[in-house]
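Below is one structure; the comments refer to it alone.
The values are calculated or read from the model by the stated rules, or taken from the named source; none is laboratory data. Just so it is clear, the structure is predicted and the values come from calculations on it, not from any experiment. Quick reminder, even Gly has a Cβ in these numbers, built from the backbone with ideal geometry, and neighbours come from all protein chains shown.
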Amino acid sequence: MQYLETILPLYGSPAPEGCPEEEITALRTRFGTLPAAVETFYRAAAKTKQFQQGQDTWVLPEHYKQWAWLEETDALILLNENQGVCQAGVKKEDLSLPDPPVYVTYRDFTEWRLCAPTVTEFLAAALAYEAAFTHVAPCSPEEFYWFTPEEVKKVKARLTRLPFSLLDWCSEMEITLYQNAPDNLLVLMDFGAEDGEPQALYGAASEPGYQKLLTVVGGLGEPI
């Protein structure tokens, strides 16, 4: 789980907390098998308190005994959008793979679109994305911004892109992630429209990290 070295600083470097082994075992029994990458995440960090404070909801093994809607699909659901608009998960036929692709579905569990090529890449990208919603003033503008194509070029030239992304998430947007310090982050959300402008959200887990990010993005964008 090398990606945690990148993710934990975005949350202020908390001590990771895993799920109880009996809950993981019960979920494995339910599905017959679980991808190794999912089990490793459950065991090592899935119940980290700070991970539960993002915009969307991580679906943990315990939730399979609490939420009836999870019975509506035979996929292993990993993340639920905060209003239930979409869910990300591993298809039943891929559960025996050690690090399978993750797909996103919109409400009905019938049509699935590729969200990330592996569980590992999905977890890294989604955890980073969710971290942006945990940053609070004074380390976040607490606003979304429209970025022009010229501003996007500046961001890409002056910040480092993280090596994972979400190919499709809520409203079919592609999410890419950028930083210039271990504890700061800019999330770029592209909705794919040819004449549209991407949205951006940014912040940091510390004031120094935030100020460093502002050296690049300060003054960019139009508040939404």
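Structure data summary
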item	result
Any hit, region 90-108, residues being outside the structural domain of SER206 (by TED's automatic domain parsing), at positive phi and of a type in the set (Lys, Arg)	yes
Close pairs from region 135-162: first in the same structural domain as SER206 (by TED's automatic domain parsing), partner surrounded by fewer than 15 Cβ atoms within 10 Å (Cβ to Cβ) and part of a loop (DSSP other than H, G, I, E, B), Cβ under 7 Å, at least 6 apart	GLU143/ILE224; PHE144/ILE224; TYR145/ILE224; TRP146/ILE224
Residue match in region 57-70 (condition: more than 30 Å from GLY218 (Cβ to Cβ), of a type in the set (Asp, Glu), at pLDDT 95 or above and surrounded by fewer than 18 Cβ atoms within 10 Å (Cβ to Cβ))	yes
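One line per residue, one yes/no per condition, for (1) surrounded by 13 or more Cβ atoms within 10 Å (Cβ to Cβ); (2) in contact with a strand residue (DSSP E or B) (Cβ under 8 Å, 6 or more places away or on another chain); (3) in the same structural domain as SER165 (by TED's automatic domain parsing):
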| position | (1), (2), (3) |
| --- | --- |
| ALA15 | no, no, no |
| VAL38 | yes, yes, no |
| ARG43 | yes, no, no |
| GLN55 | yes, no, no |
| THR73 | yes, yes, no |
| ASN82 | no, yes, no |
| GLN87 | yes, yes, no |
